[in-house]
Amino acid sequence: MRRKLAAGNWKMNGVAADLAEVKALIAAHPEPGCEVLICPPATLIAQMNWAKGAHPLALGGQDCHVKAAGAHTGDISAPMLVDAGASHVIVGHSERRADHGETNSEVRAKALAAQAAGLVAVICLGETEAERDAGATLAVIGAQLGASVPESATGADTVIAYEPVWAIGTGRTPTPAQIAEVHGFLRAELVARFGPEGAAFRLLYGGSVKPSNAAEIFALPDVDGALVGGASLKAADFGAIIAALAAA
């Protein structure tokens, strides 16, 4: 049985004062009924780890370098994330792919670095609006999946997040049929590649997930949770999404 996962990506948002939202979230959901992950800016991981106390909230980084240490000014390694209190790390987010030109092979290398450090890699995939309009969604997603996910990946150390680029932060959401099509395709590809282990990978949907649409999305087959952006910044919004997932 795959455990449901509500993951929040704070992106480049959050300072120490925003830990109040995390404290409010854990106070309102002491036993959330699903796995909950927040990936704040790296500057907040250690503080958030302290603030959450004994609550089962998991913490993650938003990126990591492929190497464990070295002369890479401004970068953060997977072992550093572990040291700060993280158990997960997002790799291959569309904003990293677009803003920093990250390739599938680089994403794969980061996923391997995460695994080597004992982190769960949340590997992001997604098509642009132009690719969707051209009918190339499954071809693009399949290529990203094949080249970004290491051969050594397992359901225990890897989560796959489908985030259509055109739905991130836009308020636009794919139809349930479109989400179901991609998630069904991903599941079939994982099983074809990894055999029975392919059924153990959790598949998250991301892209304008909010309290008003969460229940409908979580009711779809092979949707094991969500990677939430803006709505994860506020305890009330993220809490409502968590509750919807726990009830799904």
Per the filter on the stretch 1-35, residues outside any loop (DSSP other than H, G, I, E, B) and modelled with pLDDT under 95 are none
If you go through the stretch 115-127 one residue at a time, do you hit one that is touching a residue at least 60 places away in the same chain (Cβ under 8 Å) and not hydrophobic (A, V, I, L, M, F, W, C)?
yes
Filtering the stretch 133-179 down to residues that are assigned to a helix (DSSP H, G or I), of a type in the set (D, E, K, R) and buried (at least 19 other Cβ atoms within 10 Å of the Cβ) yields none
Apart from one, (1) surrounded by fewer than 18 Cβ atoms within 10 Å (Cβ to Cβ); (2) in a helix (DSSP H, G or I); (3) in contact (Cβ under 8 Å) with a residue 40 or more places away in the chain all hold for Ala192; the odd one out is (3)
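Taking the stretch 32-80, which residues are among the aliphatic types (A, V, I, L, M), surrounded by 16 or more Cβ atoms within 10 Å (Cβ to Cβ) and closer than 21 Å to Ser105 by Cβ?
Restricting attention to the stretch 32-80, the residues satisfying the condition of being among the aliphatic types (A, V, I, L, M) are 36-38, 42, 44-46, 48, 51, 54, 57-59, 66, 68-69, 71, 76, 78, 80.
Then keep just the ones that are surrounded by 16 or more Cβ atoms within 10 Å (Cβ to Cβ); that gives 36-38, 42, 44-45, 48, 51, 57-59, 66, 76, 78, 80.
If the condition is that a residue be among the aliphatic types (A, V, I, L, M), surrounded by 16 or more Cβ atoms within 10 Å (Cβ to Cβ) and closer than 21 Å to Ser105 by Cβ, then Val66, Ile76, Ala78 are the ones that fit.
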Among the small types (Gly, Ala, Ser) and in a loop (DSSP other than H, G, I, E, B): does that describe Ala113? no
Among the residues of the stretch 94-107, are any β-branched (Val, Ile, Thr) and closer than 19 Å to Glu163 by Cβ? yes
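The values are calculated or read from the model by the stated rules, or taken from the named source; none is laboratory data. Because the structure is predicted, anything quoted here is derived from the model rather than measured. Quick reminder, even Gly has a Cβ in these numbers, built from the backbone with ideal geometry, and neighbours come from all protein chains shown.
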